[in-house]
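The values are calculated or read from the model by the stated rules, or taken from the named source; none is laboratory data. All values derive from a computational prediction rather than experimental measurement. Neighbour counts run over all protein chains shown; Cβ positions are idealised from the backbone, glycine included.
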Amino acid sequence: YLQIAKELLPPAQTPLHPLVLGEPVSPLTPLGCGLAQNTSDDFLVYHSPGFAGGRGISIVTTPARIQRFAKVRAPSYANDFSSPPYEERAMPGKGRGLVATKTLHRGDRIFADTPILLLDAEAFGGGDDDDDDDDNQDDKEVEGVEVEEEQEDDMHSELAALAVSKLPPAMQRQFWNLHAQAGGDDAVMDRIDPNAFELQIGGDTFFGVLPEMARLNHDCRPNAVYSFDEATLTQRVHALTDIAPGEEISITYISPAQSRAERLEALRASWGFECSCSACSLPPELTALSDRRVAETDRLLERLRGEHGEHGEHGEDEQKQKPQVAEALVSLFRQERLWADAHEGWVLAARAYCAAGNYWDTLRHAHLAAEASALWGGAGSPDAVEMARLAEAPEGEACWMKAVKS
Ligand SMILES: C[S@@+](CC[C@H](N)C(=O)[O-])C[C@H]1O[C@@H](n2cnc3c(N)ncnc32)[C@H](O)[C@@H]1O
């Protein structure tokens with residue numbers, strides 16, 4: 001089934017323009033695609049060596065889904081590595097990592113890059129683990145399904161290998177330099193699995209390889225956060241806290257608002273390492289306090305998110321209490337150094353103060369929420385937009401005095 005086709009477009013792909021390999025392309029040229037590979041299933045490798053000023057990109061997806069990439073343009077500021085504020089170093093116990101070389105302030109942009117590889121999660125998700133362990137399953141049938149799944153995995157891994165081979169040489173070198181998962185027997189997937197970011201594009205999940213930021217190690221209390229802009233295929237990394245020169249820049253690989261045991265288990269299961277970050281290294285009595293605070297943030301979030309809380313389990317004073325509940329939530333996030341999660345605390349606090357008609361507290365929290373939401377989800381995210389508006393003129397918003405009037 002492996003038969004490399006000529007640089008042809010798949011049928012019914014008229015909005016896309018084939019790119020001739022090696023043709024110089026400006027950063028604003030729409031992404032063109034050449035069909036590199038056909039297989040017995042629906043997944044194809046599309047590649048554009050001229051994408052983003054010659055950085056290139058290979059995408060493994062279906063002919064239907066590739067249509068959404070037809071209008072994608074990488075911004076001209078993307079993939080600028082001319083004066084990075086970090087250097088790569090060996091980090092004891094973690095492989096390589098990135099260390100700040102100058103003071104970074106909260107909000108500073110550290111990366112804005114386009115992926116070099118995008119793999120459709122439908123083919124590479126590894127999901128669909130049918131639970132076949134129960135009663136009298138026909139063993140042969142199960143075996144047959146397993147063999148079929150294995151063959152499919154092999155085929156998809158060959159597609160991934162082909163996608164890599166279609167990248168410009170410099171990007172291929174970056175790919176092969178990535179950290180490889182130990183003990184594997186598939187050189188390509190062993191590099192994709194531990195390094196790919198899960199990205200949402202047009203409502204579907206893709207795994208994206210961004211080799212430069214893939215050097216960022218995990219910390220349960222990270223000092224940087226990433227967000228993906230699907231319109232420009234750009235993933236940005238911003239400082240979440242001030243970062244001193246010499247300090248390692250970190251992101252979180254999991255949802256950090258979990259107990260220590262849950263975090264350790266999630267990291268062990270998916271990345272195979274034992275986290276030794278400051279939060280995971282607390283003595284037991286302080287770990288218990290930290291776990292309790294994290295559990296409390298869950299309870300308070302639930303309480304504050306309730307649309308009709310005034311009739312809920314906390315009685316009719318609920319609306320009046322919301323500002324204090326929100327303040328307690330924000331305080332817990334700060335104490336836990338969960339700066340990315342804190343964005344929702346500030347959003348909920350701003351809304352609660354708005355409903356109570358408290359102008360200055362609305363303003364204070366709306367400003368904090370607008371910035372935090374922009375770092376968390378991008379400046380165009382619904383929370384960031386709502387909070388920027390609220391910070392401008394609280395009295396003009398629908399929430400203003402809502403709790404007082406009702
Ligand atoms: C995306 S890579 C990060 C960069 C990697 N350290 C390298 O050398 O290229 C993910 C891998 O880095 C290692 N890693 C990341 N964070 C770590 C941590 N906090 N402790 C130990 N190992 C970590 C694990 O091997 C993990 O699978």
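Of the residues contained in segment 83-99, none is found to be away from the ligand (no atom under 16 Å from the Cβ), in a helix (DSSP H, G or I) and of a type outside the set (Phe, Trp, Tyr).
Pairing residues of segment 266-282 that are within 15 Å of PRO92 (Cα to Cα) and within 11 Å of the ligand (Cβ to nearest atom) with residues that are among the aliphatic types (A, V, I, L, M) and not in a loop (DSSP other than H, G, I, E, B), at Cβ distances under 9 Å and at least 6 apart in sequence or on separate chains, gives PHE273/LEU267; GLU274/LEU264; GLU274/LEU267; CYS275/LEU264; CYS275/LEU267.
Flag set for PRO245, criterion: part of a loop (DSSP other than H, G, I, E, B), away from the ligand (no atom under 13 Å from the Cβ), out of contact with any helix residue (DSSP H, G or I) (no Cβ under 6 Å at 6 or more places or on another chain) and touching a residue at least 60 places away in the same chain (Cβ under 8 Å). I'm checking my understanding of the structure. Among residues of segment 254-265 that are within 15 Å of the ligand (Cβ to nearest atom) and assigned to a loop (DSSP other than H, G, I, E, B), which one is nearest to LEU332 (Cα to Cα)? Here the residue is PRO256.
Output the residue which, of all residues in segment 167-184 that are within 19 Å of GLU212 (Cα to Cα) and assigned to a loop (DSSP other than H, G, I, E, B), is nearest to the ligand (Cβ to nearest atom). Break it down into steps so the answer makes sense when it comes.
Of all residues in segment 167-184, those within 19 Å of GLU212 (Cα to Cα) come to 167-181.
Going one step further and asking which of them are assigned to a loop (DSSP other than H, G, I, E, B), we end up with 167-168, 178-181.
Values: LEU167: 18, PRO168: 21, LEU178: 6, HIS179: 3, ALA180: 9, GLN181: 7 Å.
Within segment 167-184, the match that is nearest to the ligand (Cβ to nearest atom) is HIS179.
Just one of the listed residues (ILE66, ILE110) is over 28 Å from SER276 (Cα atoms), crowded, with 19+ Cβ neighbours inside 10 Å and of a type outside the set (Gly, Ala, Ser), and it is ILE66.
Being at pLDDT below 95 and either of a type in the set (A, V, I, L, M) or surrounded by fewer than 18 Cβ atoms within 10 Å (Cβ to Cβ) (or both), is that true of even one residue in segment 256-270?
Within segment 256-270, the first condition is being at pLDDT below 95, and the residues that meet it are 269-270.
When the remaining residues are screened for being either of a type in the set (A, V, I, L, M) or surrounded by fewer than 18 Cβ atoms within 10 Å (Cβ to Cβ) (or both), the result is 269-270.
Yes, that holds for at least one residue.
Tell me whether segment 185-193 contains one or more residues that are near the ligand (Cβ under 9 Å from one of its atoms) and either closer than 21 Å to HIS105 by Cβ or more than 14 Å from the chain's Cα centre (by Cα) (or both). Yes, segment 185-193 contains at least one residue that is near the ligand (Cβ under 9 Å from one of its atoms) and either closer than 21 Å to HIS105 by Cβ or more than 14 Å from the chain's Cα centre (by Cα) (or both).
Filter segment 194-208 down to the residues that are within 16 Å of ALA123 (Cα to Cα), more than 15 Å from the ligand (Cβ to nearest atom) and in contact (Cβ under 8 Å) with a residue 60 or more places away in the chain and list them by number. Walk me through it before giving the result.
Filtering segment 194-208 for residues within 16 Å of ALA123 (Cα to Cα) gives 196-201, 203-208.
Those left that are additionally more than 15 Å from the ligand (Cβ to nearest atom): 200-201, 203-206.
Matches in segment 194-208: ILE201, ASP204, THR205, PHE206.
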